[in-house]
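*Asks:* Dropping the structure in here first, questions after.
The values are calculated or read from the model by the stated rules, or taken from the named source; none is laboratory data. Please read these numbers as outputs of a predicted model, since none were measured by experiment. Don't worry about glycine lacking a Cβ; one is built from the backbone with ideal geometry, like all the others, and counts go over all protein chains shown. Ligands, DNA and RNA are stripped out before the accessible areas are found, and what is left, the full protein with its side chains, is counted by its heavy atoms. Shrake-Rupley method; radii C 1.70, N 1.55, O 1.52, S 1.80 Å.
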Amino acid sequence: MRYSKYLLPTLKEIPSEAEVPSHQLMLRAGMIRKLTSGIYSYLPLGLRSIRKVEGIIREEMNRAGAIEVLLPIVLPAELWQETHRWEEYGKELLRFKDRHNRDYCMGPTQEEVITDIARREIRSYRQMPINLFQIQTKFRDEIRPRFGVMRAREFIMKDGYSFDVDEKNADESYQKMYDAYSRVFARCGLKFKVVEAESGLIGGHFSHEFMVLAETGEEIIVSCTHCSYAANIEKAEFKRSDRTSRSEDPNLFKPLQKVRTPNQRTVEEVTQFLSVSPKELVKTLIFETDKGPIAALVRGDHEINEKKLKAILGTENLQLASEETVEEITHAPKGFAGPLGLSIPVLADLDIQSMVNFVTGGNQKDAHLLHVNIGRDFHISQFVDLRKFTQGDRCPLCGGETRWDKGIEVGHIFKLGTKYSKAMGAAYLDEQGKERIIVMGTYGIGVGRTVAAAIEQSYDEHGIIFPMPIAPFQVLILPVNMKIDLIRETAEELYRILLDEGVEVLLDDREETPGVKFKDADLIGIPLKLTLGERNLNKGLVEIKKRRTGEVLLIKKEEAVSGIREMIRMEIEG
RNA sequence: CGGGGAGUAGCGCAGCCUGGUAGCGCGCUUGGUUCGGGACCAAGAGGCCGGGAGUUCAAAUCUCCUCUCCCCGACCA
């Protein structure tokens, strides 16, 4: 490709809308342009990188025996109603009507569509296992899109679905995808970690996320420093301290005491005001559910994990109570709720069991209680695991110390079971001629996000540093001055040979000053730069510079092409 | 949805408080000089000052309404 004939609009300045490095660099390098919030166009350079990732995915999917399809993006409501996700999915699902006033949505994921195909086309155990995938645009109406294509509303995703005769076979399909995904991200040149994850709205038994480690990641990954345990913090388990049985020795109980705490509402305010540690305080949170209001207690320094709470209560319908409801139930304004005298169920986290003489809200304006004790002062309906993983918590497997890292979720695999196949009646006949439900798995890769994550993981103050396998071009030829015949002719010659050899090459044939060309070259981050200058050429030499290391090689012009091919080969094979 | 910020040339911004000629840097066009790390000189093009209503002799500037974008939170493959 000739730069002068290409669309590669680089920017000197950082667009004000971009916060994180990958977003800034993708805009500056002319890879993407925003159309509206969370919706981006890919310009040629960005598209080339996208296509590279897609190519790697295709190869690895084919290697794993998956078969490519292309499913529609506009989906009828009926299909979604069958699995009840029309109601469950919420506002992220972009819905609209056609001219006949029929309901449709933009596909945020395609389990329903693929299951519809499966129930029509798969009738025999002989047709399984089968794994179908597609690479296609998805739409999720995110509340707040951010970070460019990293969290966009419209985005390109590879999604795949496996169909098996039983759980055991489904596990094998899952493992195949686990391996294939690992290969995909390794081949993309990414540093990543696989972690246990929540299944969310997709549902299913268990799932793993593929996380690219990066400072700007939105996910927190908990991992053990001693064993192989790693999980998304949303999902992370932890070892409880041994003191889980509550102290029942009333001799320890100090007399209950009410104190005035004017305007002290948050844990921070109250603990400072009373000079106690957050560990000595119990937070009382009132939730509204479709089964009525409940109170949930956690220690002051802990946080409620709403997913756990939902699971315990067996409801998807759960939210923090409004200020009015809190007042109604506790007879006090928000910030002064406590567990004493409540007429609703009170759930307490396991770590509350061992606490004595703690602080709670007084269920009265501007008042808290000191030396509160369970049993004497109030009763707990149920002790349960309610809280989130907290810094300092220990590994659930080996009790080892844990560490936190930030990650970008680029892939997610789910063992679905029969959630969709059962709801939609996707069944087959087994060897005995007996009808059985198909067991499914679902597997996704954020393609655009993978490119962004790669950049997030690989850049410097000058610009992007593309890993060779996903670089838009492999080599950039940079003739320092196009007006000097020797330089121009050599550039053209090398360009032609490299093209003939199948090398992906960009020739910067613009009549720009060298400085501009060098700056743009660094910005767009092509792994190899072939610089042609007069002094070197007069000696029959050309310069090859590696973007990543800055390493410079002066080699004979005649050896340039073979040298470049060798470097590309080595970098692609890792 | 709550809180905060911003919409002025393609991009980055000033001007607004205190109403009166729309400006700067980069980019773009033309000519010339330059040519191994974002060159220089000269001449240019480019604006419904996000939109609507109002106040005023007069609105980018003041008032009200509205739309859009960004950030924080809630939420979320």
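*Asks:* Residue-wise, which Karplus ³J(HN,Hα) couplings in Hz belong to the range A:516-522, taking 6.51 cos²θ - 1.76 cosθ + 1.60, θ = phi - 60°, and x for glycine or proline?
*Replies:* Working through the residues one at a time gives 4, 5, 5, 5, 5, 4, 5 Hz.
*Asks:* Could I ask something else about it? Express the C-alpha Rg of the range A:250-384 as a ratio against the empirical globular expectation 2.2 N^0.38 Å, rounded to two decimals.
*Replies:* Normalised Cα radius of gyration, the range A:250-384: 0.98.
*Asks:* Can you compute the radius of gyration and Dmax for the range A:266-344, using only the Cα atoms, both in Å?
*Replies:* 13.0, 38
*Asks:* Here is a follow-up. Put +1 on the Cβ of every Lys and Arg and -1 on every Asp and Glu Cβ in chain A; which of A:Ala180, A:Gly65, A:Thr490 then has its Cα farthest towards the positive end of the dipole?
*Replies:* Value computed over the given set: A:Thr490.
*Asks:* With r defined as the distance between the Cβ atoms of A:Gln432 and A:Leu70 and R0 fixed at 22 Å, what FRET efficiency is calculated, to the nearest 0.05?
*Replies:* According to the calculation, E is roughly 0.05.
*Asks:* Report the dimensions of the range A:159-230 along its three principal axes from the alpha-carbon atoms, largest first, rounded to Å.
*Replies:* Projected onto the principal axes, the Cα atoms of the range A:159-230 cover 41, 27, 25 Å.
*Asks:* Just going by the charge dipole of the range A:250-384, with Lys and Arg at +1 and Asp and Glu at -1 on Cβ, which of A:Gly335, A:Gly300, A:Thr325 is farthest out on the positive end?
*Replies:* Among A:Gly335, A:Gly300, A:Thr325, the one farthest towards the positive end of the dipole of the range A:250-384 is A:Gly300.
*Asks:* Full-extension gain between A:Arg535 and A:Asn169, please, as 0.36 nm times their residue separation minus the C-alpha to C-alpha distance.
*Replies:* Computed gain between A:Arg535 and A:Asn169 is 125.3 nm.
*Asks:* A follow-up question, please. For the range A:473-573, what does the equivalent ellipsoid look like in terms of its semi-axes, each the square root of 5 times an eigenvalue of the Cα gyration tensor, given largest first in whole Å?
*Replies:* Its equivalent ellipsoid spans semi-axes of 19, 16, 13 Å.
*Asks:* Using a 1.4 angstrom probe on the protein heavy atoms only, line up A:Arg99, A:Arg488 by accessible area, largest first.
*Replies:* A:Arg99, A:Arg488
*Asks:* Related question: Report the extension gain between A:Leu554 and A:Glu82 in nm, rounded to one decimal, defined as 0.36 nm multiplied by the number of residues separating them, less their alpha carbon distance.
*Replies:* Residue separation times 0.36 nm, minus the Cα-Cα distance, leaves 163.4 nm.
*Asks:* In whole Hz and in residue order, list the ³J(HN,Hα) couplings for the range A:355-364 that follow from phi through the Karplus curve 6.51 cos²θ - 1.76 cosθ + 1.60, θ = phi - 60°; x for Gly and Pro.
*Replies:* 7, 10, 6, 9, 9, 9, x, x, 6, 7
*Asks:* Considering the Cα positions of the range A:81-211, please state its Rg to one decimal place and its Dmax as a whole number of Å.
*Replies:* Rg and Dmax of the range A:81-211, Cα atoms, are 16.7, 50 Å.
*Asks:* In the range A:473-573, what percent of the accessible surface is made up of carbon and sulfur (1.4 Å probe, ligands and nucleic acids excluded)?
*Replies:* Accessible surface attributable to carbon and sulfur in the range A:473-573 totals 49 percent.
*Asks:* Next question, about the same structure. Taking the inverse of the average 1/r across all pairs of different Cα atoms in chain A, what Kirkwood radius in Å do you get?
*Replies:* About 27.5 Å, per the Kirkwood formula over Cα pairs.
*Asks:* Let me ask something else about it. For the charge dipole of the range A:1-135, defined by +1 on Lys and Arg C-beta atoms and -1 on Asp and Glu C-beta atoms about the Cα centroid, which residue among A:Trp86, A:Val74, A:Pro44 has the Cα displaced farthest towards the positive pole?
*Replies:* The residue sitting most towards the positive pole is A:Pro44.
*Asks:* For A:Asn305, what residues show an amide H to amide H distance below 5 Å, using hydrogens built from the backbone and excluding near sequence neighbours?
*Replies:* A:Arg387, A:Lys388
*Asks:* In square angstrom, rounded to the nearest 10, how much accessible surface does A:Lys191 have for a 1.4 Å probe?
*Replies:* 130 Å²
*Asks:* Another one. Could you give the accessible area per residue of chain A, probe 1.4 Å, as a whole number in Å²?
*Replies:* 47 Å²
*Asks:* Full extension from A:Asp377 to A:Gln319: what is 0.36 nm times the residue separation minus their Cα-Cα distance, to one decimal in nm?
*Replies:* 18.2 nm
*Asks:* By accessible area of protein heavy atoms, probe 1.4 Å, what ranking do A:Met1, A:Met567 get, highest first?
*Replies:* A:Met1, A:Met567
*Asks:* Now a separate question. Among DSSP beta bridges whose residues both lie in the range A:250-384, state the antiparallel percentage, nearest 5.
*Replies:* Close to 65 percent.
*Asks:* Separate question: Ranked by accessible surface with a 1.4 Å probe, highest first, in what order do A:Tyr40, A:Tyr125 come?
*Replies:* Greatest to least solvent exposure: A:Tyr125, A:Tyr40.
*Asks:* What are the ³J(HN,Hα) couplings of the range A:538-549, residue after residue, when phi is run through the Karplus curve with 6.51, -1.76, 1.60 and θ = phi - 60°? Round to Hz, x for glycine and proline.
*Replies:* 4, 9, x, 10, 10, 10, 10, 10, 8, 4, 6, 9
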